[in-house]
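A short reminder: the numbers here are calculations on the coordinates, not readings from a lab. Predicted model only: the values in this text are computed from it and were never measured. All Cβ positions, even for glycine, are placed from backbone atoms using ideal geometry, and neighbour counts span all protein chains on display.
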């Protein structure tokens, strides 16, 4: 099962991406952060296109494939913009597990609807029950994170809404990759997707006159954005590559990559001095339970 290897690689890169995104969001607006990051990712993806020998494939796509990729780019732009808005205002202990649990819940729900037989191993009754139990555990984790004042002490809830909008957009991106673009090399998809994101963010920066912020970003923040972009590029390509295999069960790929919140939570405790370990433990248990049941639904 090669797709599992790529899913674990995506997990590794996703963890670094989240950490550097948080570090680099202190002095850069959401729009400028996304603009700079997408610029770096385009070059990383192009290097991978050349390395994999897919330069000819960059512009030999059918009209249908182009339309799906354009839609992916638009959805990713929405995802990124609201992601950076959320992470800038969020309590980090709440942000990582809420992103993980909500993305798993929403994307696995979509996969249940559109790839029913694949995620339930042929639609067996026991598998369906397991899958639904997994979704309920993930939903429970989401609600616990949002309403628990110890893990989410913020009085304002805008960041929660921003997170859900971001996750909803990204969940549809994953669905498109698995159901419509699985026959295209992941580096080709990522290059075009990020090109659309960069154009969208750059034009938005010009219209909002935030482009001037580029020169005011501190060197250390720029370094964090660059490192986050590198991790993000490889995370995207590894995740898309995992989805590209015919035998890849999308819920299992999501579960593996979703484990990044555990790594991020540990980093939060160590580097950001998290104090509320018990609530985080409860969240981890609920999310892991959801992961286990959704995984079993596709395997047994």
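By counting other Cβ atoms within 10 Å of each Cβ, how are 288, 173 ranked from fewest to most?
Fewest-to-most ranking of 288, 173: 288, 173.
Can you give the calculated 222 nm mean residue ellipticity of the chain, where each DSSP H run of n ≥ 4 adds -39,500 (n - 2.57) and the sum is split over every residue, rounded to the nearest 500 deg cm²/dmol?
Computed ellipticity for the chain at 222 nm equals -27500 deg cm²/dmol.
Looking only at 182, 125, 244, which one moves most when the chain is put into a Gaussian network model with springs between Cα atoms under 10 Å?
Maximum among the listed residues: 125.
Arranged by the count of other C-beta atoms within 10 angstrom, fewest first, what order do 180, 150, 212 take?
The fewest-first ordering by Cβ neighbours comes to 212, 150, 180.
Select from 89, 79, 246 the residue whose mean-square fluctuation is largest in a Gaussian network model of the chain (Cα-Cα springs shorter than 10 Å).
In this elastic network of the chain, the residue with the biggest mean-square fluctuation among 89, 79, 246 is 246.
Of 300, 69, 128, how do they rank once you tally other Cβ atoms within 10 Å and put the fewest first?
Arranged by neighbour count, lowest to highest, 300, 69, 128 become 300, 128, 69.
Can you pull the one-decimal nm distance between simple spin-label points at residue 60 and residue 281, each 7 Å off the Cα toward Cβ?
Rounded to a tenth, the inter-label distance reads 5.7 nm.
Quick check for you: which residues of the stretch 177-199 have the amide N under 17 Å from the point 7 Å beyond the Cα of residue 51 toward its beta carbon?
Residues 185-192 fall inside that zone.
Residue 245 to residue 23: FRET efficiency via 1/(1 + (r/R0)^6), r the Cβ-Cβ distance, R0 30 Å, to the nearest 0.05?
So, using R0 = 30 Å, E works out to roughly 0.35.
Pick from 245, 59, 162: which residue has the top mean-square fluctuation in a GNM of the chain where Cα pairs under 10 Å get a spring?
Taking springs between Cα atoms under 10 Å, the residue moving most is 59.
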